[in-house]
Amino acid sequence: MPASSKTAIRQDWTRDEVLAMFNQPFNDLLFQAQVVHRQYFDPNEVQLSTLLSIKTGACPEDCKYCPQSSRYDTGLEKEKLMAVEQVIKEARAAKATGATRFCMGAAWRSPKDKDLPYVAEMVREVKSLGMETCMTLGMLKEGQAQMLADAGLDYYNHNLDTSPEYYGEIITTRTYEDRLDTLGNVRKAGMKVCAGGIVGMGEGEKDRAGLLMQLANLPQQPESVPINMLVKVAGTPLEQQEDLDPFEFIRTIAVARIMMPKSHVRLSAGREEMNDQMQALAFMAGANSIFYCEKLLTTPNPKANKDMELLERLGIKPESYRVDRDSEEEEEVLHQAMAEAETGHLFYNAAK
Ligand code: SAM
Ligand code: DTB
Ligand code: SF4
């Protein structure tokens, strides 16, 4: 399809437009999302990211959804920063099961300067395995973002979580502006941005629209957009939150797809509670990435063989490494890694 016939990337969305999209009949919305999705992506490919918590619990922030905040008693065992060797071991295992990206998360408000050499080493080591790297460590200052970029970090994840209007109901220890500043520092340092949010926290549709507007209207749209369904963890203030209508979750994915046509939209936390049909609908609505690991950061996620079985039933294949790499050497490392991953017992290639 010629480039001109593709849906243009817009960064001037208004709330009314976005709400009108949300309020279309479900089938019309899904059809529109599929049309946009097919312009930019192979609709039968899903990118696989594995998550690892490299520092768990005892976080000083008060995010109401989070099991890792020190303010809530969730029974979580806290753990210090993981040794680099252990991280590499986990990354190797993730690669063997077919993941192409390794995302390392820390329960920090922001990293301390003394921690950065260790996390930078993790990035270098995981990259040398031939995986894409992602980190989520909290707020970043400019210099810290540059250190991570220099170590070769591909993506930095920092979520806006919800709309600016609803944000104060969920977090009081950092502002929306702080979050936007971190995203700006990540971009300035030349890394790719992974930014999304959580739905099902008691927000209204206008807040889901507000979150997507913030993301899509950024100076450059995030390359990766995780849409998390709230995981209700006992002990957190959102433990008893009422369930969101599942179709509203699917609508959120579809609207994200239409507003950010070139971004990978990730069906993120919450899959453990979703049946196969719901996940299939999310892929139909334009989700094309998942967290592929038995544990997210601290809560369960479907097992790898269950995910592979589902993808196989749907004729969806895991997305392989992209070859638009900047050096031939890097490309070679990635091809090698892909070949190794394909021999892993859980790897499933729907193309074969
Ligand atoms: N501490 C860092 C921060 O907040 O930026 C990084 C880790 S934090 C756990 C990463 C993201 O996980 C949060 O921004 C939130 O969007 C998501 N998250 C945390 N707990 C969740 C839950 N119970 N359900 C859904 N998503 C959750
Ligand atoms: C994102 O948007 N979701 C992931 C990742 N980025 C870091 C985290 C989900 C966490 C779910 C709760 C837990 O396992 O602790
Ligand atoms: Fe801390 Fe991040 Fe959890 Fe907020 S989401 S409490 S910053 S670990």
Pairs to check: Lys95/Lys303; Lys64/Lys141; Lys232/Lys295; Lys192/Lys317; Lys112/Lys192. Give those whose C-alpha atoms are more than 18 Å from each other in this structure.
Lys64/Lys141; Lys192/Lys317; Lys112/Lys192
Taking 298-311, 59-72 and ranking on average Cβ neighbours within 10 Å, highest first, one gets 59-72, 298-311
Taking the chain and dividing mean pair separation by its residue count, relative contact order in percent (alpha carbons under 8 Å, at least six apart):
24
For the stretch 121-137, 3J(HN,Hα) per residue [Karplus equation, 6.51 cos²θ - 1.76 cosθ + 1.60, θ = phi - 60°, Hz, x = Gly/Pro]
5, 4, 4, 4, 5, 5, 4, 5, 7, x, 10, 6, 10, 9, 9, 9, 10
In terms of the alpha carbon gyration tensor, root eigenvalues a ≥ b ≥ c, rounded if a/c is under 1.5 and otherwise prolate when a/b exceeds b/c or oblate, the stretch 179-293 is prolate
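Can you give the alpha-carbon Rg of the chain over 2.2 N^0.38 Å, where N counts its residues? Write out the running numbers ahead of the final one.
On the way: Rg = 19.1 Å, N = 352, 2.2 N^0.38 = 20.4 Å.
Expressed relative to 2.2 N^0.38 Å, the Cα Rg reads 0.93.
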For Lys6, the aspartates and glutamates lying under 17 Å Cα to Cα, once residues fewer than eight places off in the same chain are dropped, come out as Asp42
Peptide ranges 208-218, 172-182, 276-286 listed from the most packed, as the mean C-beta count within 10 angstrom indicates:
208-218, 276-286, 172-182
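Can you tell me the dipole magnitude for the chain around its Cα centre, using point charges on the Cβ only (Lys, Arg +1; Asp, Glu -1), in Debye to the nearest 20?
On the way: 40 positive and 53 negative charges, 28 e Å.
It works out to roughly 140 debye.
For Lys306 and Asn44, what does the FRET efficiency come to when R0 = 25 Å and r is the distance between their Cβ atoms, rounded to the nearest 0.05? All intermediate terms of the calculation are to be shown ahead of the outcome.
Numbers: r = 19 Å, r/R0 = 0.76.
The computed FRET efficiency comes out at 0.85.
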Per the chain, cysteines lacking a partner by the 4.7 Å Cβ criterion
Cys59, Cys194, Cys293
Nearest 0.05, what FRET efficiency do Arg313 and Thr172 give at R0 = 41 Å with Cβ-Cβ as r?
0.40
Using the Karplus curve 6.51 cos²θ - 1.76 cosθ + 1.60 with θ = phi - 60°, what ³J(HN,Hα) values do you get for each residue of the stretch 51-68, in whole Hz, with x for Gly and Pro?
9, 9, 7, 9, 7, 10, x, 6, 8, x, 6, 10, 3, 5, 8, 9, x, 9
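Keeping all protein chains in place, calculate the accessible area per residue for the chain (probe 1.4 angstrom), answer in Å².
On the way: 15410 Å² over 352 residues.
On a per-residue basis, the chain sits at 44 Å².
When the accessible area of the stretch 3-343 is computed with all protein chains present and a 1.4 Å probe, what percentage of it is carbon and sulfur?
Numbers: 7180 of 14560 Å².
Carbon and sulfur: 49 percent of the exposed surface of the stretch 3-343.
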Using θ = phi - 60° and the Karplus curve 6.51 cos²θ - 1.76 cosθ + 1.60, what whole-Hz ³J(HN,Hα) does each residue of the stretch 242-255 get, with Gly and Pro shown as x?
5, 5, 7, 4, x, 5, 5, 5, 5, 4, 4, 4, 4, 5
Of Ile250, Ile171, Ile258, which is the most mobile in a GNM of the chain whose springs link Cα atoms less than 10 angstrom apart?
Ile171
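The values are calculated or read from the model by the stated rules, or taken from the named source; none is laboratory data. Everything quoted here is computed from the prediction, not taken from an experiment. Cβ coordinates were reconstructed from backbone atoms using ideal geometry, including for glycine residues, and neighbour counts include every protein chain displayed. Just the protein is used for accessible areas: all its heavy atoms, side chains included, with ligands, DNA and RNA removed. Shrake-Rupley method; radii C 1.70, N 1.55, O 1.52, S 1.80 Å.
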